[in-house]
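The structure appears below as structure tokens.
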Amino acid sequence: MTVASPIPGPRSENIPLAIGLRLGSVLMLSLMWALIKFLSLRGVHFAELLFYRQLLALPVVYGWIVWTIGPAGIATKRPDLHLTRTAVGLTSMVCNFGAVILLPLAESTTIGFTAPIFATIFSALFLREATGIHRWGAVVLGFVGVVVIARPDNAHFPLVGLGVAIAAAVGTATVAILLRALSRTETPPAIVFWFTILSVPPLGLLMIWFGQWHDPVTFALILAMGVCGGIAQLLMTSALRLAPVAVVMPMDYSAIVWAALLGWLLWGTLPIASTWLGTALIVASGLYILLREKRLGRFAVLRAEAEAKP
């Protein structure tokens, strides 16, 4: 679910800490996805999940900003672009939540790994970045992985879920392009804060029709979902401040381990053989794109994608 940091001053690298923070963010996101799926089975409406995810993350995000850089850190010069980012980000979030509900955790997580593939395509189409045969080859490899997972004859999961998951990856890649533009004038904390706070009012309107009362256990799980999401965003942003994107971004692929484990523990489901093979192809594609970016010294879009998680 981005770009050189606009915060002034030299960046102090701490690679072991950065890796630990990124792994922690992946774990928090995986727990959030599992909670979303679990809560949907407990009767929590889709609109409620979206609203509480953003509302409960807001104090976590704002508290982090006050503690690290002060309230002035949320000042913005691009309210128009924040609104656009919010609209696209909410659409992407809807698709991400839908994919988690419709698909097993491992499959929805794996399809999410295609976001760097779409980011590569968009950077070539819209940012006019040179994209050679190596990167296009990696894009093709990634899509082969998607086809292997989908298997047209496979009834393991609904193909509509696959379509929603791909739409979510496209949305994440689109957000990455927007974050690249935003980061020219905005700090990472401001970007996270404005997306969170601007998305609460429209989601709050949906609560007029879909909000329900729940038992204390369900509300506790909803609280845990929101807090996990807020912490995940902060950890992944912090990791990118402490180490290059080429170091921290591969840690995202540990999500498949957590997704498979949580899917087995909570629902007794394990990925089928075609899912593992497709995952290997998609991960290989993503890592190769990352390697090419490292060699070419271009990380803007990939860094944006690394910060664009829901």
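Could you please let me know if Gly278 is on the phi > 0 side of the Ramachandran plot and over 18 Å from the mean Cα position of the chain (by Cα)? For Gly278, the condition - on the phi > 0 side of the Ramachandran plot and over 18 Å from the mean Cα position of the chain (by Cα) - is not met.
Among the numbered conditions (1) in a helix (DSSP H, G or I); (2) exposed (fewer than 15 other Cβ atoms within 10 Å of the Cβ), the only one that Leu270 does not meet is (1).
Residue count for segment 235-247, restricted to those that are surrounded by fewer than 23 Cβ atoms within 10 Å (Cβ to Cβ) and part of a helix (DSSP H, G or I): 6. A single entry from Ile208, Ile256, Ile197 fulfils the requirement of being buried (at least 21 other Cβ atoms within 10 Å of the Cβ) and either part of a helix (DSSP H, G or I) or modelled with pLDDT of 95 or more (or both): Ile256. Among the residues making up segment 235-261, a single one is in contact with a Pro (Cβ under 6 Å, 6 or more places away or on another chain) and under 12 Å from Ala18 (Cβ atoms): Thr237. When Ala57 is tested against the conditions (1) touching a Phe, Trp or Tyr at 6+ places or on another chain (Cβ under 9 Å); (2) at pLDDT below 90, the lone failure is (1).
Selection of helices (runs of 4 or more DSSP H) fully inside segment 25-143 by the criterion of at least 1 residues being under 30 Å from Gly268 (Cβ atoms) and not hydrophobic (A, V, I, L, M, F, W, C) returns 46-68, 79-102, 105-112.
For the condition of a type outside the set (Lys, Arg), assigned to a helix (DSSP H, G or I) and at pLDDT below 85, Met225 does not qualify. Taking segment 180-194 as the range and being farther than 29 Å from His45 by Cβ and crowded, with 16+ Cβ neighbours inside 10 Å as the test, the residues that pass are Arg180, Ala181, Leu182, Ser183, Glu186, Thr187, Pro188, Pro189, Ala190. Of all residues in segment 137-179, exactly one satisfies the criterion of being among the small types (Gly, Ala, Ser), at pLDDT below 85 and surrounded by fewer than 17 Cβ atoms within 10 Å (Cβ to Cβ), namely Ala155. Candidates in segment 90-136 are the residues that are modelled with pLDDT of 90 or more and more than 27 Å from Ala260 (Cβ to Cβ); of these, the one that is surrounded by the most Cβ atoms within 10 Å (Cβ to Cβ) is Leu90.
The values are calculated or read from the model by the stated rules, or taken from the named source; none is laboratory data. Being a predicted model, the structure only gives us computed values, none of them experimental. Backbone-built Cβ (ideal geometry, glycine too); neighbour counts: all protein chains shown.
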